Amino acid sequence: MLMHPVAFFDTKPYDRQSFAQAAGTDGIAWSFHEFRLGAGTLAGVDGARAVCVFVNDKLDRAVLAALAATGVKHVALRCAGFNNVNLDAARELGLVVTRVPAYSPHAVAEHTVALLQTLNRKIHRAYNRVREQNFSLKGLVGFDLYGKTVGISGTGKIGRLVAKIFLGYGCKLIAYDPFPDATWAAANEVEYVPFPDLLARSDVVTLHLPLTPESHHLLNAETLAMMKPGAYLVNTSRGKLIDTTALLQHLKSGHLGGVALDVYEEEEGLFFEDHSGEILQDDELNLLLSFANVIITSHQAFLTHEALSAIASVTVENLVRVAAGQPPLAGTAL
Ligand code: NAI
């Protein structure tokens, strides 16, 4: 069988596992690299006809030109976001670029509520205490989600699933989306309101919208000030939706009740890697980590078996199709 060489960058053990289990990999000769693809690591391509990359590989014009010059035909992103690829350059160079537009919205929706409830019910603190035989309940008081108003900003695939879960808790749901869906809202007891009203009325605000030039720092000094005193803010979408400096001010003043984050404005270069034992140079992250009412996970909302296997199967199918000169799966080409 003619083998199709694919260079796989920024490999983690869970990637290898899910890609090894995906159907259709028999004809692929993988070269797994733990390092990322960038100008300094082009040697890792080593004759491959396709590269498989993730969110932090850098595919600027120079890197893409070097890939094309060595015979690479296909850049397969195993993620939804593509802000790390110069698409204009890829087009000019005749490279096929594909991504996985949706894998498991359930994974992100479920992590969103898990993160909020961990913070609210202080599960992370209780876990540590009990392991040290400290069975005191001091400082562990949370609140019932039942009856609270939850504001969902962005009612796409993930926002809608989040709404369903909160509905199960008995919450009152309000939402903002520039493209509201009245039929869905009516069927799910959701009231669309203007964004400032959502901020003023919600006990919990949760963000499920894409990062665009318009939504950059959507939560800033002015909009954070509109939030109800004591409200909780949850962000599992993109770090740059929140102005961290302003967020810190609203935490220090005690205005916000709690902040649960799976993403952080300056996460690039930090998240997904083990930096324990190093001195963290990001002062704002250091400060955020010091608040008892802040919980942070490192962009892991997508990390379920189901999501990883969906990512692997779409990516492998596209690698096989493009290698055979066929068009990629519908909706995956950029
Ligand atoms: P989607 O495209 O299905 O829905 C996004 C919704 O946001 C749309 O209804 C859109 O109209 C709305 N929207 C756009 N601009 C808005 C604004 N300014 N204010 C309020 N709503 C606005 O996207 P999906 O699949 O629900 O994903 C949402 C976000 O979740 C993604 O953009 C991504 O940033 C994030 N995500 C995070 C992951 C993680 O591991 N933490 C994994 C996957 C996605």
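The values are calculated or read from the model by the stated rules, or taken from the named source; none is laboratory data. What you see is a predicted model; the values in this text were computed from it and never measured. Quick reminder, even Gly has a Cβ in these numbers, built from the backbone with ideal geometry, and neighbours come from all protein chains shown. Ligands, DNA and RNA are excluded from the accessible area calculation, which covers all protein heavy atoms including side chains. Shrake-Rupley method; radii C 1.70, N 1.55, O 1.52, S 1.80 Å.
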Item checked: Tally of residues being over 24 Å from the mean Cα position of the chain (by Cα) and within 9 Å of the ligand (Cβ to nearest atom) across segment 182-196 -> 0
Item checked: Extreme residue, modelled with the lowest pLDDT, among residues of segment 3-20 that are touching a helix residue (DSSP H, G or I) at 6+ places or on another chain (Cβ under 7 Å) and not in a strand (DSSP E or B) -> Met3
Next item on the list: Given the conditions (1) over 21 Å from Asp57 (Cα atoms); (2) of a type in the set (A, V, I, L, M); (3) open to solvent by less than 50 Å² (accessible area, probe 1.4 Å); (4) in a helix (DSSP H, G or I), report the number of the one that Leu319 does not fulfil.
Entry: (1)
Notebook entry, point to check: Does segment 132-164 hold any residues that are crowded, with 18+ Cβ neighbours inside 10 Å and either modelled with pLDDT under 95 or part of a helix (DSSP H, G or I) (or both), and which are they?
Noted result: Ile158, Gly159, Arg160, Leu161, Val162, Ala163
Next item on the list: State whether one or more residues within segment 235-246 are under 22 Å from the mean Cα position of the chain (by Cα), at pLDDT 95 or above, surrounded by fewer than 23 Cβ atoms within 10 Å (Cβ to Cβ) and farther than 25 Å from Phe82 by Cβ.
Entry: yes
Next item on the list: Please indicate, with yes or no, whether at least one residue in segment 121-140 is more than 30 Å from Glu191 (Cα to Cα), in contact (Cβ under 8 Å) with a residue 60 or more places away in the chain and among the hydroxyl-bearing types (Ser, Thr, Tyr).
Entry: no
Next item on the list: With the checklist (1) open to solvent by 30 Å² or more (accessible area, probe 1.4 Å); (2) in a helix (DSSP H, G or I); (3) more than 16 Å from the ligand (Cβ to nearest atom) in hand, flag the one item His250 doesn't pass.
Entry: (1)
Check: Can Asn128 be described as more than 16 Å from the ligand (Cβ to nearest atom), within 14 Å of Ala260 (Cα to Cα) and not charged (D, E, K, R)?
Finding: no
Check: Do we find that Ala221 is surrounded by fewer than 14 Cβ atoms within 10 Å (Cβ to Cβ), within 24 Å of the chain's Cα centre (by Cα) and away from the ligand (no atom under 11 Å from the Cβ) in this structure?
Finding: yes
Check: Does Glu284 satisfy being part of a loop (DSSP other than H, G, I, E, B), outside the structural domain of Val53 (by TED's automatic domain parsing) and charged (D, E, K, R)?
Finding: no
Next item on the list: Any chance you could count how many residues in segment 21-46 are open to solvent by less than 80 Å² (accessible area, probe 1.4 Å) and part of a loop (DSSP other than H, G, I, E, B)?
Entry: 6
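For every residue, the table says whether it meets (1) over 21 Å from Tyr146 (Cβ atoms); (2) in a strand (DSSP E or B); (3) modelled with pLDDT of 95 or more; (4) charged (D, E, K, R).
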| position | (1), (2), (3), (4) |
| --- | --- |
| Gly168 | no, no, yes, no |
| Pro180 | yes, no, yes, no |
| Leu198 | no, no, yes, no |
| Thr206 | no, yes, yes, no |
Next item on the list: Among the numbered conditions (1) exposed (fewer than 13 other Cβ atoms within 10 Å of the Cβ); (2) touching a helix residue (DSSP H, G or I) at 6+ places or on another chain (Cβ under 9 Å); (3) charged (D, E, K, R), tell me where Arg49 comes up short.
Entry: (1)
Next item on the list: Could you grab the pairs with beta carbons closer than 6 Å, sequence gap of 6+ or different chains, first residue in segment 141-160 and assigned by TED's automatic domain parsing to the domain that holds Glu189, second one among the hydrophobic types (A, V, I, L, M, F, W, C) and assigned to a loop (DSSP other than H, G, I, E, B)?
Entry: Leu145/Cys171; Lys148/Cys171; Val150/Cys171; Ser153/Leu209; Gly154/Leu209
Next item on the list: Tell me which residues, restricted to segment 5-16, are touching a residue at least 12 places away in the same chain (Cβ under 8 Å) and either charged (D, E, K, R) or out of contact with any Leu (no Cβ under 7 Å at 6 or more places or on another chain) (or both).
Entry: Pro5, Ala7, Phe8, Asp10, Thr11, Lys12, Asp15, Arg16
Check: Residue check, Val108 against (1) within 20 Å of the chain's Cα centre (by Cα); (2) part of a loop (DSSP other than H, G, I, E, B); (3) surrounded by 18 or more Cβ atoms within 10 Å (Cβ to Cβ), all met but one. Which one?
Finding: (2)
